[in-house]
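*Asks:* One structure, pasted below without further comment.
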Amino acid sequence: MLRLQVPLPDRYTVAPLEENEARIRAAKELLGDQLLILGHHYQRDEVIQFADARGDSFNLARFAADNAAATHIVFCGVHFMAEAADILTGPHQHVYLPDLNAGCSMADMADTDSVDECWDVLSEVTDVEAVVPITYMNSSAALKAFVGRNGGAVCTSSNARAVLDWALGRGRQLLFFPDQHLGRNTGYQMGFTEADMRVWNPNLEAGGLEEREIKEATFLLWRGHCSVHQRFTPDHVRAARAEHPSVTVIVHPECAHEVVELADEVGSTEYILRAVSSAPAGAAIAVGTEIHMVQRLAQENPDKTVFSLDPLVCPCSTMFRIDAPHLAWCLDQIVAGQPVNRITVDDDTAEWARVALRRMLQIT
Ligand code: 13P
Ligand code: SF4
């Protein structure tokens, strides 16, 4: 979803990197403990160097929830992450996204209207009381509120297994959105098979499924995906193994199941970071996730051969929107007492979304 990011003044866009870096340093110095900069692992080096905390989306949500001291939280990540931070922080804390166009194309693949329509169909066809809706963190606050209202929870790539185990202790069926791959990969990890899963296509009548399929499926998987992770293929895994016979292949669970099946390890961005950092010197590691993170892992681990599973560069174009000029501008506006790009979630949505997020935090 395109949001409205105003063009930055020229003094930020034409300035050399060092000038914007100096502005960011000065603003951090001035704002001190009032300011907290959170950075997702996919952020560029020119931005992540200024983060007070780096993490995957679960850790960043927890970090925001645990830091009541900072009144200005600048989120270097994407829109749904900033929304989650706003929901989990107090009313005295304000969350900002340096570029409003930093969305997530996967999160935009499920909207409230189509999820409501799906729920209506499920109510007609199956015992909807026994369906537990689970939304991936990569979703709008409105969808988090939907699952909160309907007895479900949020999950991230680092806790999907625990959340889905919890959900199947509460109900007989799961509606999982928006990432079919995370849902499917977690279902397989739990011992389910393709026969237990059906894909709900929101563009088709009744999701493109027959009544019997809807009733019988344990997992109803929303037909959404991440365009960055969907690029990785089984051929990439085979090529990496052919070139480096001792390679360890580590991929993110947003990759397709055929890729995950061939990989040695699968996990969130934080998991990948730890796995690479703790690998022995000399190890060869092929990583299936966003390229900025892979390049940084390669730089930070010069004693290992760390490379992207896809030889063609694979950036997340929306994460990439946050750059030093936008960060410098956002911080300068806070210093000037005229903050911009504040991310707010209305009270009713926030209340139910908080229920769904807190369930996740309690489960894990
Ligand atoms: P993590 O929670 O693993 O950081 O993933 C977030 C994401 O958007 C991956 O594409
Ligand atoms: Fe969204 Fe994919 Fe980018 Fe993650 S990598 S923020 S899922 S588009």
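The values are calculated or read from the model by the stated rules, or taken from the named source; none is laboratory data. Just so we're clear, the structure is a prediction, and the values are computed from it rather than from any experiment. Note that each Cβ is placed from the backbone with ideal geometry, even for glycine, and that neighbours are counted across all protein chains shown.
A quick yes/no check of all residues on (1) surrounded by fewer than 17 Cβ atoms within 10 Å (Cβ to Cβ); (2) within 16 Å of ligand 1 (Cβ to nearest atom); (3) closer than 30 Å to R172 by Cα:
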{"residue": "P234", "(1), (2), (3)": "yes, no, no"}
{"residue": "P245", "(1), (2), (3)": "yes, no, no"}
{"residue": "T248", "(1), (2), (3)": "no, no, no"}
{"residue": "H252", "(1), (2), (3)": "no, yes, yes"}
{"residue": "R274", "(1), (2), (3)": "yes, yes, no"}
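*Asks:* Which residue is farthest from ligand 2 (Cβ to nearest atom), if the candidates are limited to region 310-326 and must be hydrophobic (A, V, I, L, M, F, W, C) and within 20 Å of the chain's Cα centre (by Cα)?
*Replies:* Only one residue fits best here, namely V313.
*Asks:* If you go through region 333-364 one residue at a time, how many are assigned to a helix (DSSP H, G or I) and either surrounded by fewer than 20 Cβ atoms within 10 Å (Cβ to Cβ) or under 20 Å from the mean Cα position of the chain (by Cα) (or both)?
*Replies:* Residues meeting the conditions: 19.
*Asks:* Turning to a different aspect of this structure: Can you confirm whether A61 is surrounded by 18 or more Cβ atoms within 10 Å (Cβ to Cβ), at pLDDT below 95, part of a helix (DSSP H, G or I) and within 16 Å of ligand 2 (Cβ to nearest atom)?
*Replies:* Spelling it out, A61 is indeed surrounded by 18 or more Cβ atoms within 10 Å (Cβ to Cβ), at pLDDT below 95, part of a helix (DSSP H, G or I) and within 16 Å of ligand 2 (Cβ to nearest atom).
One line per residue, one yes/no per condition, for (1) closer than 19 Å to L88 by Cβ; (2) surrounded by 19 or more Cβ atoms within 10 Å (Cβ to Cβ); (3) touching a residue at least 60 places away in the same chain (Cβ under 8 Å):
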position: L17; (1), (2), (3): no, no, yes
position: E29; (1), (2), (3): no, no, no
position: D45; (1), (2), (3): no, no, yes
position: I48; (1), (2), (3): no, yes, yes
position: D52; (1), (2), (3): yes, no, no
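*Asks:* Can you work out which of the residues in region 215-232 that are away from ligand 1 (no atom under 16 Å from the Cβ) and assigned to a loop (DSSP other than H, G, I, E, B) is farthest from the chain's Cα centre (by Cα)?
*Replies:* In this case the residue turns out to be A217.
*Asks:* Test R25 against the stated conditions and say whether it is farther than 15 Å from D323 by Cβ, outside any strand (DSSP E or B), more than 16 Å from ligand 1 (Cβ to nearest atom) and at pLDDT 95 or above.
*Replies:* yes
*Asks:* Can you tell me how many residues within region 97-114 are away from ligand 1 (no atom under 13 Å from the Cβ), assigned to a loop (DSSP other than H, G, I, E, B) and of a type in the set (S, T, N, Q)?
*Replies:* Count: 1.
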